Amino acid sequence: MKANWQTKKLAEVCDIGAGNSAPQNKDFFVNGKYPFFRTSDVGNIHIGKIINSNDYLNEKGIKGLKLYKKGTILLPKSGASTFLNHRVILDVDGYVSSHLATIKTTEKLLESDFLFYYLLEIKAQDLIQDHKYPSLNLQVIGDIQIPLPPLPTQHRIVKILDEIFSDIAKAKEHAEKNLQNTKELFESYLQNIFANPASAKATAGKPGEDWEEKTLKELTLKIGSGATPRGGRKSYKNEGISLIRSMNVHDRRFKEKNLALIDDTQASNLSNVTLEEGDVLLNITGASVTRCCVMPIQYLPARVNQHVSIIRPRQELIDTYFLNYLLTTKLYKDQLFGIGEQGATRQAITKAQIENFTIIFPKSIAEQKSIVIKLDALFAETKKLEAIYQQKLANLEELKKSVLKKAFAGELVE
């Protein structure tokens, strides 16, 4: 740190507090015009300046509440959102929820934007002792040490950081757009094949082959879901036979994370839903309904619980990987969503609905496999491009950290 810089605790150069308890009377928000900022509003911004809130208080609602001035920094101080390290700075005067810490600089010593940038380096995880009950103590926030150059130097550093972060934001936006375009390119190609069989025939190089329509019951050897062993999660083992749950099934990919294991006795009670090589997995309940992938052979032997259905194709009629691609197109996913029964709490697809679900596919297994080969190749290229853009995004985040570190070590200014 440079010779003309000093170090202060935040409590020495800031007013630190917490917001107001949220008014409980809904009438206080009717025709409101004064912003009331909550943790959800801060989360919507994540990092940056905040102007708008979801809720606005009226004249009655603001009585007795403290007004926080433009330039006040807000960060979550309690609950799970504390670990997300959201940091915003008020760009308008407003009212603030008690779940947010408020930090307002005494501008004679500390410029608010300088402090905002500095707080981007401070991680809540490093300030909280008990991560089971995340809560930021205001005294702990006040004890944060901050390097303080003279105000003119602070202004110069902020100006430099504004310019650099603006350039990084533009580069990040460009990379994110390219990443999204890459994903959409594959999905568009996939959709076109199954929405337009004539196009698929040409793509496969077999324009003479016909496509036909059948139900999944006609094309499969088995359709069915299982159950959760008695005792639920507590009954799972450290080793044994895989129990496939909805969290493992994602569109065209299987996630090993949180894979449950059961013993031979538990597995024998689920013998009617024994998985085999070539089975397709379909989520049939809850928020992940219609997610679909092929069962990886490395996790066999395996069973499924009640939230996942086995679809076992007749290999002489329908190729496993062709069926997986088909069921993960927007065309067919929308149809599956449509037939799902909307219950009181969750959407669900029944065995009968799966059996009666109609698809259009090439009669020729060779044509199906040809389409799969082309889709696999495009999918692999898409993933390579995605990895490149994701790495660019990661590099930009590292650049921001590096710049901040140099800024507060005095290396950006003479």
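Within segment 256-284, the residues that satisfy the criterion of being under 17 Å from GLU355 (Cβ atoms) and more than 30 Å from the chain's Cα centre (by Cα) are ASN272, VAL273.
A Cβ distance below 6 Å, combined with a sequence gap of six or more or placement on separate chains, defines the contacts here; from segment 126-139, residues that are at pLDDT below 80 reach residues that are assigned to a loop (DSSP other than H, G, I, E, B) and not acidic (Asp, Glu) in the pairs PRO134/ILE128. Quick one: in segment 375-398, which of the residues that are basic (Lys, Arg) and surrounded by fewer than 16 Cβ atoms within 10 Å (Cβ to Cβ) is nearest to the chain's Cα centre (by Cα)? Among those residues, the one meeting the criterion is LYS383.
Consider only pairs whose beta carbons are under 6 Å apart and that are at least six residues apart or on different chains; among these, list those whose first residue lies in segment 354-367 and is within 15 Å of THR320 (Cβ to Cβ) and whose second residue is loosely packed, with under 13 Cβ neighbours inside 10 Å. Close Cβ pairs satisfying both conditions: none exist. Residues in segment 31-82 that are in contact (Cβ under 8 Å) with a residue 60 or more places away in the chain and of a type in the set (Phe, Trp, Tyr) were compared, and the one that is nearest to HIS99 (Cα to Cα) is PHE37.
Listed here are the residues, each with its yes/no results for (1) out of contact with any helix residue (DSSP H, G or I) (no Cβ under 7 Å at 6 or more places or on another chain); (2) assigned by TED's automatic domain parsing to the domain that holds SER40; (3) within 17 Å of TYR34 (Cβ to Cβ).
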position: ILE62; (1), (2), (3): yes, yes, yes
position: HIS86; (1), (2), (3): no, yes, no
position: LEU90; (1), (2), (3): yes, yes, yes
position: LEU100; (1), (2), (3): no, yes, yes
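Restricting segment 187-223 to residues that are surrounded by 16 or more Cβ atoms within 10 Å (Cβ to Cβ) and among the small types (Gly, Ala, Ser), which is modelled with the highest pLDDT? The qualifying residue modelled with the highest pLDDT is ALA200. Output the residues belonging to segment 137-161 that are touching a helix residue (DSSP H, G or I) at 6+ places or on another chain (Cβ under 6 Å) and assigned to a loop (DSSP other than H, G, I, E, B). Within segment 137-161, just ILE144 meets the criteria.
Residue count for segment 12-46 under the criterion of being in contact with a helix residue (DSSP H, G or I) (Cβ under 9 Å, 6 or more places away or on another chain) and either under 16 Å from LYS70 (Cα atoms) or not assigned by TED's automatic domain parsing to the domain that holds GLY94 (or both): the result is 7.
If the condition is being under 31 Å from the mean Cα position of the chain (by Cα) and over 17 Å from MET295 (Cβ atoms), then segment 214-238 contributes ALA227, THR228, PRO229, GLY231, GLY232, ARG233, LYS234, SER235, TYR236, LYS237, ASN238. Looking at ILE241, is it more than 27 Å from GLU212 (Cβ to Cβ), under 30 Å from the mean Cα position of the chain (by Cα) and touching a residue at least 24 places away in the same chain (Cβ under 8 Å)? Judged against the criteria, ILE241 is a match. Does ILE354 satisfy being buried (at least 16 other Cβ atoms within 10 Å of the Cβ), among the hydrophobic types (A, V, I, L, M, F, W, C), closer than 17 Å to THR329 by Cα and not assigned by TED's automatic domain parsing to the domain that holds THR329? For ILE354, the condition - buried (at least 16 other Cβ atoms within 10 Å of the Cβ), among the hydrophobic types (A, V, I, L, M, F, W, C), closer than 17 Å to THR329 by Cα and not assigned by TED's automatic domain parsing to the domain that holds THR329 - is not met. Close Cβ contacts (under 8 Å, 6 or more residues apart or on different chains) running from residues in segment 257-283 that are within 21 Å of ASP319 (Cα to Cα) to residues that are part of a helix (DSSP H, G or I) and β-branched (Val, Ile, Thr) comprise GLU277/ILE297; GLY278/THR320; ASP279/THR320; VAL280/THR320; LEU282/ILE354.
The values are calculated or read from the model by the stated rules, or taken from the named source; none is laboratory data. Keep in mind that this is a model prediction, so the values were computed, not measured. Reconstructed Cβ throughout: ideal geometry from the backbone, glycine too, with neighbour counts over all protein chains shown.
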